[in-house]
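Notes follow once the structure below has been shown.
The values are calculated or read from the model by the stated rules, or taken from the named source; none is laboratory data. The shown structure was predicted, so the numbers you read here are calculated from the model rather than taken from an experiment. Backbone-built Cβ (ideal geometry, glycine too); neighbour counts: all protein chains shown. SASA here: full protein model, heavy atoms, side chains in, ligands and nucleic acids out. Shrake-Rupley method; radii C 1.70, N 1.55, O 1.52, S 1.80 Å.
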Amino acid sequence: MSAASPITSLYVHVPFCAQKCEYCAFYSEASSGELINRYVAALIRELEMVAPDLKPKTIFFGGGTPSILNLKQWEMVLKAMERLHLLGAEEFTIESNPATVSADKGKLLRDFGVNRISMGVQSLDEALLDRLGRIHSREMVFKSFDILRRAGFDNINLDLMFAIPTQTMAIWQATLNEAMAMQSEHLSSYEVIYEDDTPLFEQLQAGEFSVDENLACEMYEELIAAATNAGFQQYEIANFARDLRAGAPTTETRNQTGIPGLACRHNVNYWRGGSYHGLGPSATGYVRGVRTKNWANTQLYCDQLEKGRRAIEASEELSPLRRAGEIAAFGLRMNAGWPFADFQQVTGFDLRQEWSAEMQQLEARGWGKMTADRFQLTRLGLRFADAAAEMFLR
Ligand code: SF4
């Protein structure tokens, strides 16, 4: 891509939730109608500023809870995107909470080209949903899934969480069985993380429960087995997809064997070191080697945009080697690892020269595997991917 080509990936952060979940460290706040209206106007201004440098193939509205915007607010955002020629992406995903899905909203989103929904399920056990502070019930999950299918969404991701305090293996297996029976196209599943400043972290600190690492590992193994049996292909540590549209690789997944057809193209672009614009409070962007971060404060974000300025708190130009190290680390999260030719094309560096010692160490530990065309983490290595990835940072 030449320096002047527009960026093909767009992330938008919607910083509102009905209430805060116990484990959540994302930037979001309990919603109020007026602030959401102000945010929508500010976001449209930010879209206008970025539009000349944007021709999105992938769009992802994350949060927060993007589905919390009402019909009128969504219509304003989508009409602005239409006016700015930002619609028509190959993949346009919106994250949704099962409690905020409706047939009208589903139809509106489909009409404007949204073609993928990522649904935050987390668990199908009523007591655990309560424990996590989720606002939806298990029944709402099934009902919303049905509404989305009827609205025409044929690409739906389910987010599940494991190693939740008090979750037993039997509960996890029951959730997995029910989730697999829903026949979604994609599955993302993360182990609970105890982030500073969350109620769950404080409860852990106060000794209200303990963490069982062995059980967490067994649950992860169970996840891989259940997903594989259900026809999913794992393509990243926490991500699984079907390959229904065989033979239809996208420009992002070109030359990357081991990536199923219904993998999230937007996320694959992140892991492959691609550029993207990040809009909305707290969003990070990465454009031609420069990383930006917007203010993680919705009032301040709106203030800035209302004055006609982007709401960027910090931007940093990474040196080519540092950037290549980060890109190496991201890409190793994927089962396909890094094909040497692709890595060189994206970064200008040869993985085998710059990181030869690290790759040898990882092979010696049984965490990595080098073949003629690529380096990838083994199944064991993927479990320790964060530690492995750190070795590549410069
Ligand atoms: S709905 Fe998602 S973003 Fe909102 S508080 Fe819960 S986990 Fe965080």
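Can you tell me which residue in the stretch 263-311 is most open to solvent (accessible area, probe 1.4 Å), limited to those that are in a loop (DSSP other than H, G, I, E, B) and among the hydrophobic types (A, V, I, L, M, F, W, C)? Residue satisfying both the conditions and the ranking: W295. Does E82 fit the bill of being out of contact with any strand residue (DSSP E or B) (no Cβ under 8 Å at 6 or more places or on another chain) and either crowded, with 19+ Cβ neighbours inside 10 Å or outside any strand (DSSP E or B) (or both)? When the stated conditions are applied, E82 passes them. Find the residue count for the stretch 34-58, including only residues that are open to solvent by less than 50 Å² (accessible area, probe 1.4 Å) and not aliphatic (A, V, I, L, M). Of the residues in that region, 5 qualify. Select from the stretch 110-133 the residues that are away from the ligand (no atom under 16 Å from the Cβ) and open to solvent by 10 Å² or more (accessible area, probe 1.4 Å) and write down the one among them that is nearest to T198 (Cα to Cα). Among those that are away from the ligand (no atom under 16 Å from the Cβ) and open to solvent by 10 Å² or more (accessible area, probe 1.4 Å), it is A127. Among the numbered criteria (1) more than 15 Å from the ligand (Cβ to nearest atom); (2) without any contact (Cβ under 8 Å) to a residue 40 or more places away in the chain; (3) more than 19 Å from the chain's Cα centre (by Cα), which one does H136 miss? (1) is the only condition that H136 fails.
If the condition is being surrounded by 12 or more Cβ atoms within 10 Å (Cβ to Cβ) and either at pLDDT 95 or above or assigned to a helix (DSSP H, G or I) (or both), then the stretch 200-220 contributes L200, F201, E202, Q203, L204, L215, A216, C217, E218, M219, Y220.
When the stretch 31-88 is filtered for residues that are on the phi > 0 side of the Ramachandran plot and under 21 Å from the mean Cα position of the chain (by Cα), the ones remaining, listed by number, are G64, G88.
Taking (1) without any contact (Cβ under 8 Å) to a residue 24 or more places away in the chain; (2) within 16 Å of the ligand (Cβ to nearest atom); (3) more than 27 Å from S32 (Cβ to Cβ) in turn, D146 satisfies each apart from (2).
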